[in-house]
1. Ranked from highest to lowest mean number of other Cβ atoms within 10 Å per residue, what is the order of the peptides 301-313, 234-246?
2. What is the log10 of I(q)/I(0) for the chain, computed with the Debye formula using one identical point scatterer on each Cα and no solvent, at q = 0.07, 0.08, 0.11 Å⁻¹?
3. How big is the gap, in Å, between the Cα center of segment 229-247 and the Cα center of segment 11-54?
4. If you average over every viewing direction, what projected area does the convex hull of the Cα atoms of segment 381-458 give, in nm²?
5. In nm², what is the average projected area of the convex hull enclosing the Cα atoms of segment 97-342?
6. Mind checking the angle between helix 398-417 and the chain's longest principal axis? C-alpha axes, 0 to 90 degrees, to the nearest 10.
7. Could you sort the peptides 382-390, 75-83 by per-residue average Cβ neighbour count (10 Å cutoff), highest mean leading?
8. Apply the Karplus parameterisation 6.51 cos²θ - 1.76 cosθ + 1.60, with θ equal to phi minus 60°, to every residue of segment 343-353 and state each ³J(HN,Hα) to the nearest whole Hz, in sequence, with x for glycine and proline.
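A short reminder: the numbers here are calculations on the coordinates, not readings from a lab. From a predicted model like this one, the values you see are computed outputs, not experimental measurements. A quick note on method: Cβ atoms are made from the backbone with ideal geometry, for glycine too, and the neighbour counts reach across all protein chains shown.
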Amino acid sequence: MLLKKPMKPWGVSDSLKQYHVENWGDQYFNINPGGNLTVHPRQGLGPGIDLMKVVAEASDLNLQMPLLIRFQDIIRHRVIQLNEAFRKAIQENNYAGKYQGVYPIKVNQMREVVEEVVDAGREYNYGLEAGSKAELVAVIAQDLPSETLIIVNGYKDYSVLKLALMGVKLGKKVLIVIEKLSEVQQVVQIAKELGVKPLLGMRCKLHSKGSGKWESSGGELAKFGLTTPEMLYTVNYLKSEGFPDAVKLLHFHIGSQVTNIRTIKEALKEATRFYAELIKMGVKLEYLDVGGGLGVDYDGSQTDFESSINYTLQEYCSDVVYSIQEICADEKVPVPTIVSESGRAIAAHHSVLIVNVFGSIEVGNTPMDLTEPKNGEEEHNVIKEMRYAFQNINYKNVMETLNEALQRKEEALSMFKLGLLNLEERAKVEHLFWQVCRKASQWASELRHIPEELEKVQKSLADQYLCNFSIFQSMPDHWAIQQLFPVMPIHRLDEEPSRNATLVDITCDSDGKVNKFIDLRDVKDMIKLHPLKEGEPYYIGFFLTGAYQDIMGDLHNLFGKVNEVHVFLDETEPGGYYIEEVIRGNSIASVLQWIQYSPEHLEQEIKQLIDRNVRESVIKPREGVDLQNFYEQVLRGYTYIDSLKPNLNHKYSQLTEEQIGRGSEFTQ
């Protein structure tokens, strides 16, 4: 027997559980008594910043949705937290070495992010990693303390190597990580030309692999790294060329977002054996770079699922320190300075994307008369049977009635194909069927245990909430590799969300949707949202998007970068914060320029078209001026959907009658 679950009033605590905020939020996010989501950049300490207040202030600055909000204090907190966690692990294990990490800017190269990382990490000599020529150009110019590391990874041509060695010559601690044999030969040549002693690292190919989506980026068949024979060749080659002490660092990387701590420990053991053996051979290694891989718990489940991790930040740091120390003690070699290249764990939490919902698509919601025919009109039996099911379904017979309705629907489709049912009759059957499904779904929400068939019905009935953003621009990893991100409304969280929904973006691509959502036990196909209210905005937030998403977005459908604000804590300000910087999103003109369209040329083409229509009396001169002004305004406007009808400032209102009579040549 299907049992009804007891009903109770909805509160903020229910929303915290519904959206798992206390699991993935890591104390950076909460809900206030007013039902608004709050951000706590000091991880639970001090008052929170009301996201709805930030949205309202951005609106006052004429910033439309979608809106990216960066909480710069979270970046600072993450940098400090990582460094302090390593300090604690070093102290607890009596580790004789130290920790000196670097931030790989490929995770988020935005200048404001990098500068915040550098400033927060200054007292820890926390450095930067570059993986391309452009990144190195940006990194080499940063004002860093003299002992701070700059690590150069990735493929390197002559200019990359010379630029890195130029940094060494200028007093910076730039370590070039050798990943191909050809690189070491070029380094030697350029170093001799510049008269500088190179600082080098070697990236070794471990047998160990990572875990999760990126496990294939490690192992013996990895894209980067030297095999054991290649490392020995490099060491001997450098000795023969007069640089016996050039190799200072040993590097490995087993993949991004490593989900299982055991995988990390196994890789550390293997890499530290390499380090110890090289030390015994006389290589003057000082650093062991454990690469990236420190993950983020996107779903809050604390498991080794792809969107989670089964370890904490402190556990990661402690295991790194302990594993290295254990092998070094066993091999009787001095411990190295530990380097890590954690980027995701630094940047992910600080960035929140806010979008507005401007409509919804509801299955089976087309208005249709369901009353029985009068005046003796005959009605097809399949319609009568479907209406009976609709009128008599209840929580006791819900499964029986639903199965009956499914059978009648199949009958109706077969009859239509055979010409035994006309279009109007088919429409009635379909509409009644969806009403049966809606009632079944309503009863399902009150059951303790929902049968699988009812779950399928709920999924098919889920609304599609139309969201003003492009998944390809703002969350490319969700589309490309099904990366899960926390998603939830940022207000009305003191109300019960009663609609099952998926999210669709405004691109014309059928893949432009979010239909996978975090859950503690599995991946959900729907999310609970509130009914939309006529004339009231509804805002949804996408969280933990600060790593990779900002920089990897593309121009699908020419939706450009979104509006952006940078928020800083300040308890003396109203709301406890201030907006330090506003970066306006791309205009249509700017994205068109990227693909070789000249805005000026487009304006001229439209002007000529309007002039021709004015001369041919298709439109009036005043109307032509109005159309030209409107085209120019759209061209220089935001690429996303306007939340409000634009307030046009007609230029022709200030023109003389003579100018108006001469047409649109005065619209420039």
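1. On the way: 301-313: 20.1, 234-246: 16.2.
Averaged packing, sorted descending, gives the order 301-313, 234-246.
2. -0.62, -0.77, -1.14
3. Rounded to whole Å, the Cα centres lie 54 Å apart.
4. On the way: hull surface 19.1 nm².
The number I arrive at for segment 381-458 is 4.8 nm².
5. Values: hull surface 49.4 nm².
Value for segment 97-342: 12.4 nm².
6. With both axes taken from Cα atoms, the answer is about 70 degrees.
7. Details: 382-390: 20.0, 75-83: 22.0.
Going from most to least packed, we get 75-83, 382-390.
8. x, 4, 5, 7, 9, 4, 6, 7, 10, 10, 9
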